[in-house]
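FYI, it's all coordinate maths here, none of it is from the lab. Please read all numbers here as calculations on a predicted model, not as lab measurements. Neighbour counts run over all protein chains shown; Cβ positions are idealised from the backbone, glycine included.
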Amino acid sequence: MGDGRRGRPFWFLLLLVVAGAVTTVVQLVPSTWPPMVRLVLAVLGAIAAGAAGSYVSEWLTARRALKAAEHAAIAEEEAQRAALVATREVAAAGESVAGLLRPERGTVAFAGRVKELKSLTGWCRDETACPVWLLTGQGGVGKTRLALHLAESLPFLEWDWQQVRPGQEVSAIRAAIQVNQRVLLLVDYAEARSDLAAMLAEMVGVEAAGDAGGLRVLLVARQAGEWWTELGAESDAVRDLVTRVSVLDLAPALDADRGDLQVIEEALPAFAAARSRPVPRVSFAVDADERLPVLMLHAAALVAVLDEEQGSAGGRAAADLGVLDRLLGHERRLWDKTARRAEVGVDLAVLRQVVAVVALLLDPQDHDEEAVRAVVRRVPDLARADDVRVGAVVRWLRRVYPGGGERVEALRPDLLAERHATDELVGSSLLRRACLTDLTDRQAVQTLTVLARACAHHDRAPKLIEQALRQDLTGLAGAAIVVAVQTGTRLGDLFARVLEDASVDVTDLQRIADMIPYPTVALAVADVAVTRRVRNLLSANADPAQIAEWSGRLSAALAQLGRREEALEAVTEAVTVYRSLAKVRPDAFLPDLAASLNNRASCLADLGRREEALTAIEEAIQIRRPLAKTHPDAFLPDLAASLNNQSNHLADLGRREEALTAIEEATNLYHSLAEIHPDAFLPNLATSLNNQASCLAGLGRREEALTAAEEATNLYHSLAEIHPDAFLPDLAMSLSNQSTHLANLGKREEALTAIEEAIQIRRPLAKTHPDAFLPDLAASLNNQSNHLANLGRREEALTAIEEAIQILRTLAKTHPNTFLPNLAASLNNRASCLADLGRREEALTAAEEATNLYYTLAEIHPDAFLPNLAGSLSNQSNRLASLERWEEALTAIEEAVQILRTLAKTHPNTFLPDLTKKLTFMGLILLQNGNAVGAIPLIESLAISTEREPEEPIPFISDLLCEIYRLNPEVVINTWREITEIDLPDWLTNA
């Protein structure tokens, strides 16, 4: 049965009605009614009223309990929301004129970024999406403004959002999941958040509990560099999360249709209104060649308004870096004015330094009164000031740059703070000493971060960093490494310059070397500098094992930068020392010897010394096989690595079947290892799959090659999302290989898409480290040219191949053994591009240069380069034929056919298709000269193409044969029977 209380509201109402009705009736009953009737009605009314009164009391009690529960629920919800609000970044108002540029002020209406906003909004609405997203872009492009606009555009009844204060990352996650709404958390300066890894770990737990559907975390940073890579090293769970995070990088332009001048003109009225001024009449000059960040454009508009306000407006204004200095001029006038009004008692020069030290040293997580006073006392003129004077300065700071409560903010926007702090340090040696020495770890990171970012727009910032590192290398080394990981190669290269000759002992250098991650792009030059210093400082009497270790480490660091000869020299020393040590103590040093031999083989191969490379790797395998048999857990990975390298070296020498055998063994080993330890061995598996794809393609097994290449690329995509600095080069390599395999199967558009993604990755890498990455960029440009030509985009194809050739000519001058093959291939491609554009003489010149290079290469390594020579001769024959130089064309194609006949005997799957094409072309040249003997190569080509059973004739060739048969049947009959060993088919005799 049901709960009887469910019916009470009805009976309660009925009783009330009855009681009211009876009471009313009794009052209205005429006095002439019999007394008994009137008594009965009165009793009934009393009974009804009594029953109703009893229930009213019970009902009122329940209602009070319900109200109390509602109030408790509201109080709990308010407490939960208060916990979330406590993590919020408090927006500053203050008196700063530059504050009008701050994104949270929204002085100018949001515009542009339509596609980006659509992507972010879709992410927020998709409850199944990864709960974290990373938004990147250079300083001033409007990252924070976009994040805030996203938050404000979400339905307010469904969403709450917060900008998370530094140090509150984990608390924000915990508070957000308690709120009875969907929540978007905005985390600005993500690359500098020390608690970001803990926040992501907390997010992993939320996801595991199934509570992430209503929570989104938008990280905002200047770039996804090595700081992002390091997050993935925290744990498997965090690594998995980071792998799934989408990265959206903002370009400076708000959209393609809105020019820089339009952005300024749209902002001008908004800033004028904010200052209660008329819109100034100013014409702006904008550099049309380079798009400026939106902050610079808005700053130009604001300065125009402020200039008009000060009576110094001109008719024209330039939007460039100088606008920051002009805006700083207005901000400094504000400092002076407000300090005088508040009777702070310090002059403007001191105030300027106060603002600078706050930007450089004030910890975003430590804003209490004592911390702010300690930072202010870094200003030389205030170092010994009494508490009253320092307190007055702090109160002034809080008035101009309030951070909420007792907190003080730094000057904003960041570009302005970076420029001002750099100016002040340049102008005062005392301030430099105060701000760049005796720092806590967090202060050191904060200071170097500001200066490293300033390098992008202030030419004195690099010198300041170098001076600071030279004054206190051991104290600042750790911070320099952290900041270089966050900000990129600029600081890493300055760090390297100091490491080359700084006065520091070998123990400290070893400690610094151990702190540098490997592999790395940002710190690659620094890695070489410190490792070389350590090796050079080791005396001749040092422990031989230590000498060998640091020689090997130096070789690896040099190879990372593409300095091949030096890398070989260093690893050869390591091999020599380990060989001597292994003779005495094989158990201890044979593994080290094998590792050094493996690395030496790679260095030799990089220099084109293929036979020596194969010898070295085979010795390494000879050592590693027995080690892997007795200790598989320890040495199977090493054996797999050597087999992978052996495959490469065999392929370089044209020994394709052996290369495939080696790489298949390596790939099988890595598959097994990756199943157990995916984090450790997926990169190796991806490398092996790429090499396996190349070997399969070399043997004509194209579909299998594409399958392997696609698996490799998918792995590298995942790895590069977690560790971009380490795996973006590998991803580009894999995309380049995949594009080739796609093109081999006629998938032209897909091939072009893949190679363009590879180029997009390789261009910035080549700009940063040309020795290491220019060869890869040239290879990708070469492939891009081929794919563009296949799609009929001839001019673009020629542009790409000419850029590749320009790079390769330079490289081949210093490393001919390594880059002459690439140059020859690119010259052949250039010849084809020129021919497609009707530039026949130039095409022939390029083809002849390529053929001459291949002649030289094939004399030294015939197995490797005879196929290329045949292809180049065929290309040259084509170019000669297009100029009607038939005899020369015939000579070239006959030589190509002769080479391919020999190669096809041992590798029919690989070379018969090419032989067929060359025979067809040879027959066409003979026929062009009126020679019926041209039927011979045509019949041979047809026979090969149809596996010696030409029942299905190939159009074009069959038509030519029919024509020749009509003119000279005897030649065709005899040749056909000799080659095919069967009678002529009906389609030929009935033609």
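Only Lys, Arg, Asp and Glu count, each charged at its Cβ (+1, +1, -1, -1), so figure out the dipole size of region 260-332 about its Cα centre, rounded to 20 debye. Walk me through the numbers before you get to the answer.
Working: 7 positive and 12 negative charges, 65 e Å.
Around 320 debye, computed over region 260-332.
Give me the extension gain from Glu290 to Glu466: residue separation times 0.36 nm, minus the current Cα-Cα distance, reported in nm with one decimal.
Details: separation 176, 0.36 × 176 = 63.36 nm, distance 2.94 nm.
Length gained between Glu290 and Glu466: 60.4 nm.
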So the pair-distance distribution of region 555-648, from every Cα-Cα distance in 5 Å bins, comes to percents of 3, 16, 24, 24, 20, 10, 3, 0
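Just to verify a number: FRET efficiency for Glu841 and Asp320, C-beta to C-beta distance, R0 = 56 Å, to 0.05?
FRET efficiency, Glu841 to Asp320: 0.75.
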Excluding residues fewer than 8 positions from Lys747 in its own chain, the lysines with Cα under 22 Å of it are Lys917
Of all GluC sites (Glu not before Pro) in region 798-890, the ones in DSSP coil with at most 11 other Cβ atoms within 10 Å are Glu884
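Quote to one decimal, in nm, the extra length available between Glu127 and Arg105 on full extension: 0.36 nm per residue of separation minus the C-alpha distance between them.
Numbers: separation 22, 0.36 × 22 = 7.92 nm, distance 3.03 nm.
Length gained between Glu127 and Arg105: 4.9 nm.
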So the FRET efficiency between Ser580 and Leu261, C-beta based with R0 = 60 Å and rounded to 0.05, is 0.25
Given backbone amide H placed at 1.01 Å from N, residues whose amide H is under 5 Å from that of Val408, ignoring those fewer than 5 places away on the same chain, are Gly403
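Specify whether the C-alpha gyration tensor of region 754-871 places it in the rounded, prolate or oblate class, a ≥ b ≥ c being the square roots of the eigenvalues: rounded for a/c under 1.5, otherwise prolate if a/b is larger than b/c and oblate if not. Present the calculation step by step, with values, prior to reporting the outcome.
Working: a/c = 1.88, a/b = 1.09, b/c = 1.73.
Note, shape of region 754-871 comes out oblate.
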In debye to the nearest 20, the charge dipole size for region 431-479, taken about the Cα centre with +1 at each Lys and Arg Cβ and -1 at each Asp and Glu Cβ, equals 140 debye
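May I ask you to compute the full-extension gain from Arg373 to Glu887, defined as 0.36 nm times their residue separation minus their alpha-carbon distance, rounded to one decimal in nm? Mind dumping the intermediate values first?
On the way: separation 514, 0.36 × 514 = 185.04 nm, distance 9.08 nm.
In short, 176.0 nm is gained.
Using the 10 angstrom Cβ neighbour count as an exposure proxy, how do Lys115, Lys143 rank, fewest first? Please report the intermediate quantities before stating the final value.
On the way: Lys115 11, Lys143 24.
Ordered by Cβ neighbours within 10 Å, fewest first: Lys115, Lys143.
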Scalar couplings 3J(HN,Hα) for region 429-435 by Karplus 6.51 cos²θ - 1.76 cosθ + 1.60 (θ = phi - 60°), nearest whole Hz, x for Gly and Pro, are 5, 5, 5, 4, 5, 6, 9
Bounding extents of region 259-413 in its principal axis frame from Cα atoms, largest first in Å, are 51, 30, 27
Any GluC sites (Glu not before Pro) in region 129-196 that lie in a DSSP loop and have at most 16 other Cβ atoms within 10 Å would be Glu158
Fewest to most Cβ atoms within 10 Å: Leu185, Leu791, Leu653 sort as Leu791, Leu653, Leu185
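Rank the residues Thr121, Thr851 as a footprinting-exposure proxy: fewest other Cβ atoms within 10 Å of their Cβ go first.
Working: Thr121 13, Thr851 25.
Ordered by Cβ neighbours within 10 Å, fewest first: Thr121, Thr851.
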Amide H neighbours of Ala317 at under 5 Å, excluding residues fewer than 5 places away on the same chain, with H built from the backbone geometry, are Ser283, Phe284, Ala285
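Restricting to DSSP loop positions (anything but H, G, I, E, B) with no more than 13 other Cβ atoms inside 10 Å of their own Cβ, which GluC sites (Glu not before Pro) remain in region 256-336? Write out the running numbers ahead of the final one.
Numbers: sites: Glu265, Glu266, Glu290, Glu308, Glu309, Glu331; in loops: Glu290.
Hits after loop and neighbour filter: Glu290.
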